[in-house]
Every structure is written in structure tokens, then in C-alpha cells.
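The values are calculated or read from the model by the stated rules, or taken from the named source; none is laboratory data. Everything numeric in this text was worked out from a predicted model, so none of it was measured. Quick reminder, even Gly has a Cβ in these numbers, built from the backbone with ideal geometry, and neighbours come from all protein chains shown. Note: accessible area is taken over every heavy atom of the protein model, side chains too, but ligands, DNA and RNA are not part of it. Shrake-Rupley method; radii C 1.70, N 1.55, O 1.52, S 1.80 Å.
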Amino acid sequence: MHIQLLPSSFDAHGRANEAQRLTCFLVDDRVSVDAGSIGIALNEAQRRTVRDVIVTHPHMDHIASLPIFVDDLFGELEQPIRIHATSEVIDLLKRDVFNDNVYPRFDELRNERGPVMEYVPFETGRELKVAHLTITAVPVNHIVPTVGLLVSDGKVTVAFSSDTAATEEFWKLVSGAPHLDALFIEASFPNSMRQLAEVSKHLTPAMLQDELRKLSHNGMDILAVHLKPAYRKTVARELSELGMDNLSVMETGRVYEW
Ligand SMILES: [Zn+2]
Ligand SMILES: [Zn+2]
């Protein structure tokens with residue numbers, strides 16, 4: 001399984017840099033988990049192969065350029081872009097984003113070959129197929145309805161926490177998987193900002209360490225993501241001070257393989 005955290009910050013010469021302002025993971029160049037930078041950071045080949053988008057929650061950093069992605073591909077799509085999410089999240093996308101004010105209701109529009117965008121609701125706690133992947137979503141503890149994901153291709157299994165504060169069901173789900181190759185977990189704020197992390201329902205490195213105690217697997221790769229750019233250096237240092245060999249900050253743009 002190949003997983004890439006798409007870049008979302010660029011310097012004045014257009015070169016991508018390490019700061020992560022938006023969230024969008026690409027799995028095997030086919031399925032995206034969240035869509036923050038999907039409309040600005042895919043290469044040409046990926047633009048032709050990504051047709052399934054899982055939206056964990058409707059915060060802007062997770063969907064910012066999703067409307068642009070659909071818009072760009074409008075004329076050339078031979079199948080719709082499928083938006084996989086809970087019905088709660090789909091309702092919010094319909095009300096707040098694809099509402100004919102912020103952007104068109106693409107689910108009601110067609111090109112010459114058919115519909116261009118389709119909502120595919122899923123239920124939490126149940127396995128579902130998205131492209132070649134088997135996925136289970138469960139609620140996590142964020143300020144809007146949000147899911148964490150367990151994702152398997154039959155050989156490799158990985159888990160995405162999405163945005164969350166301290167949570168329970170996700171760790172039960174992940175601990176119940178036969179094995180785990182990689183965990184993508186958020187670490188938004190430095191330890192000194194724990195109060196803000198708790199109010200906005202995110203994690204600090206110390207909180208992340210507490211969460212990992214709920215996980216029965218060990219030894220998998222742990223990739224920290226969602227570091228707020230303003231505090232990136234401090235959060236990265238605090239993560240390294242946890243002294244875990246298998247924990248690192250995920251590099252944007254790099255293709256990881258398991
Ligand atoms: Zn969020
Ligand atoms: Zn976020």
C-alpha cells in the first residue's frame with residue numbers, strides 16, 4: 001500500500017514545502033482520505049485515477065479544494081467522483097459547500113457521459129468497500145461529526161485518527177484489527193496549549209502519548225500529522241522527546257510504502 005500526504009503549502013517559486021495547512025492522504029493513487037489539497041496538489045496521473053474521496057469531517061482544511069477538483073475534471077469525467085461520508089457529513093457538505101452559493105450542487109449536474117459527483121453515504125461501525133480497500137469508520141471526538149478510519153487492502157492495514165481529542169471507540173476498532181502496519185495520528189498543538197487543544201478537540205504530543213496506551217498493537221509506524229504550521233517545530237520537538245523510535249512526523253509529498 002502506498003500512502004502520500006499531499007503538500008498544501010508552496011513557496012514563492014511554487015515549490016512545495018513541509019508545512020501542512022490542509023489534509024489530504026492519497027492511498028495507492030486511487031482513493032483519497034480527506035480532500036484539503038486534492039484540487040491543487042495531484043499530479044496529472046493522479047488526477048486521472050482518483051475517483052473516490054472519503055471525507056472524515058467537513059472542516060475547511062479537509063475539504064478546501066474538493067469543489068475545485070470536481071470543477072477541473074467536469075468535462076472529462078467518465079465516471080462520477082464518489083464522495084464517501086456519513087450521512088451527517090454529507091448533509092453538511094450539501095448545506096454549506098455544494099449549495100449553489102459557495103459552489104454548484106455538482107451531484108445534480110452531468111457532463112455528456114453522466115453524473116459528475118455522487119454522494120455515497122456509509123454507516124459507522126460497519127465494513128465497506130471503497131475501490132480496492134476495505135474500510136471501517138467509527139466516530140472520534142471532534143467538534144463536528146468526524147470519523148476515524150481503519151483501512152485494509154487485504155495485506156496491509158493502516159488507521160487514520162482524523163482530527164480528534166481523547167477518544168475511545170477508534171482505539172477499540174484499531175486494537176481489534178489482526179495487525180496494524182501504520183497509524184496516522186494528529187498532533188495539532190504543543191503541550192503548552194493543552195487547554196486550546198481540549199476546547200478545539202485536538203491532541204498535543206502528551207495527549208497523543210496517553211492515547212497510544214489505549215492501543216493493543218505496538219511496533220507499527222506512527223506518523224504524526226496535522227501539526228499546526230505556527231507551532232510545527234515545537235510540536236515536532238515534543239514528539240521526538242517522547243523517545244519512541246517508531247514515531248515520526250509525516251513528510252508531505254513523500255510516498256510511504258507498507
Ligand atoms: Zn477538524
Ligand atoms: Zn483539521
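Across the accessible surface of the range 28-72, with the other protein chains kept in place and a 1.4 Å probe, carbon and sulfur atoms take up 50 percent.
Here the label points at D221 and R48, each 7 Å from Cα along the C-beta direction, are separated by 2.7 nm in the simple model.
Sparse packing (at most 15 other Cβ atoms within 10 Å of the Cβ) combined with a DSSP loop state is found for the following GluC sites (Glu not before Pro) in the range 160-218: E168. Think of it as helices only: each DSSP H run of n ≥ 4 in the chain is worth -39500 (n - 2.57), and spread over all residues that comes to -6000 deg cm²/dmol at 222 nm. Along the range 77-86 the Karplus relation, 6.51 cos²θ - 1.76 cosθ + 1.60 evaluated at θ = phi - 60°, assigns HN-Hα couplings of 5, 9, 8, x, 6, 9, 9, 9, 6, 5 Hz to successive residues, with x for each Gly and Pro. Each other residue within a Cβ distance under 15 Å of L92 adds +1 if Lys or Arg and -1 if Asp or Glu, for a net charge of -4. Restricting attention to the range 148-246, the count of lysine pairs at 8 or more positions apart or across chains with alpha carbons under 21 Å apart stands at 6. Between the listed residues V130, T157, Q79, the Cα displaced farthest toward the positive end of the dipole of the range 74-177, a dipole computed from Cβ unit charges relative to the Cα centre, is found at T157. Here the range 171-216 exposes an accessible surface that is 54 percent carbon and sulfur, computed with a 1.4 Å probe and the other protein chains kept in place.
Each residue of the range 16-22 was assigned a 3J(HN,Hα) from its phi angle through the Karplus curve 6.51 cos²θ - 1.76 cosθ + 1.60 (θ = phi - 60°); the sequence is 5, 10, 6, 4, 9, 9, 10 Hz, with glycine and proline shown as x.
Angle between the Cα long axis of helix 87-96 and the longest principal axis of the chain, 0 to 90 degrees, nearest 10? Value to nearest ten degrees: 60. Using the empirical formula 2.2 N^0.38 Å as the baseline, the Cα radius of gyration of the chain reaches a ratio of 0.97.
Around S37, under 10 Å between beta carbons, what's the net of Lys plus Arg minus Asp minus Glu among the other residues? Summing Lys and Arg as +1 and Asp and Glu as -1 gives -1. Take the range 136-258 with all the other protein chains still there, run a 1.4 Å probe, and you get 43 Å² of accessible area per residue.
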